[in-house]
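*Asks:* Before anything else, here's the structure in question.
The values are calculated or read from the model by the stated rules, or taken from the named source; none is laboratory data. Only a predicted model underlies this, so the values are computations on that prediction, with no experimental measurement involved. Cβ sites come from the backbone with ideal geometry, for glycine too, and all protein chains shown count toward neighbours. Accessible surface areas use protein heavy atoms only, side chains included; no ligands, DNA or RNA. Shrake-Rupley method; radii C 1.70, N 1.55, O 1.52, S 1.80 Å.
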Amino acid sequence: MAASVDNLEFNNDEYDDDRLNSVKTHIGEEIKRQSLNELKSLLTESSGLRPCLDDNFLLRFLRGARYRPNIALKRLKTYYFSRNLHQDIFQNYLPSNTLPAQALNHIKALPYRAKNLSAVVVIKLGQTDFQNVPFIELLRLELMVFETLMQNPVTQLCGLTIIIDCDGFSQSDLSEIANCLPACYDVFHNDCTLGIKYLHVIKAPALLYLLYQNILSSFPQEQQNECFIQWVQI
């Protein structure tokens, strides 16, 4: 199972592991420098775009695109477009502006990687309080956590495993999430930059399950195959 935890620490990015070496071969890590130079060249020719040119930031997009610079460029443009489109999330995009959401302790990154070497994040959706902290603020914090994890080179290669625990989630909470669906769709689907490889949703209420299934059907088949849902009727 994707969420099975290994004994490899998240912060270690220098170990020699057959699984990691296999991923590097699969995505073409040997052409990293060549592809990085090609992407930077494309960016200098792209008008209206002033992205961060830090190598590690650009490698996040190149690794996700299997070192195809044109695809990485397209995703970079989408990345910045979504940030301009959803100012309610990305304006004042700083950890200091997520303190109420942090106080809920609803999201945790595990210190060890999964068997597939992905970083593991657990989100306790039923532990949220939408009366005091709007869903959009929770989403801002979660995106910050995901992007921080994606700074790690191994996570760029192996992605994220997300476990969403809906225990305690009520049907009344659904309307709060429904209002933010367009933003969720743009950020998680059109962006294609967060590196979410595996998604487990457990104890999902029936209505949330149906809503999720409608969204999931629009995703590429490869991503659909890596989503696992356990739902309960409440």
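*Asks:* Write out the chymotrypsin sites (Phe, Trp or Tyr not before Pro) in segment 83-143 meeting two conditions: DSSP loop, and at most 14 other Cβ atoms within 10 Å of their Cβ.
*Replies:* Passing both the DSSP loop test and the Cβ count: 93.
*Asks:* Separate question: What trypsin sites (Lys or Arg not before Pro) does segment 12-106 have in DSSP loop regions with at most 15 other beta carbons within 10 Å?
*Replies:* The qualifying sites are 66.
*Asks:* Can you work out the Karplus-derived ³J(HN,Hα) for every residue in segment 25-39? Use 6.51 cos²θ - 1.76 cosθ + 1.60 with θ = phi - 60°, whole Hz, and x for glycine or proline.
*Replies:* Whole-Hz 3J(HN,Hα) from phi for segment 25-39: 5, 4, 8, x, 4, 5, 9, 3, 5, 4, 5, 4, 5, 5, 5.
*Asks:* Based on the alpha-carbon gyration tensor of segment 28-118 and its eigenvalue square roots a ≥ b ≥ c, which shape applies: rounded if a/c is under 1.5, prolate if not and a/b is larger than b/c, or oblate?
*Replies:* The shape class here is oblate.
*Asks:* Heavy atoms only, probe 1.4 Å: what % of the accessible area of segment 33-143 goes to carbon and sulfur, would you let me know?
*Replies:* 50 percent
*Asks:* To continue, here is another question. How high is the relative contact order of segment 28-172, given as a whole-number percent (alpha carbon pairs under 8 Å, six or more residues apart)?
*Replies:* Computed value for segment 28-172: 24 percent relative contact order.
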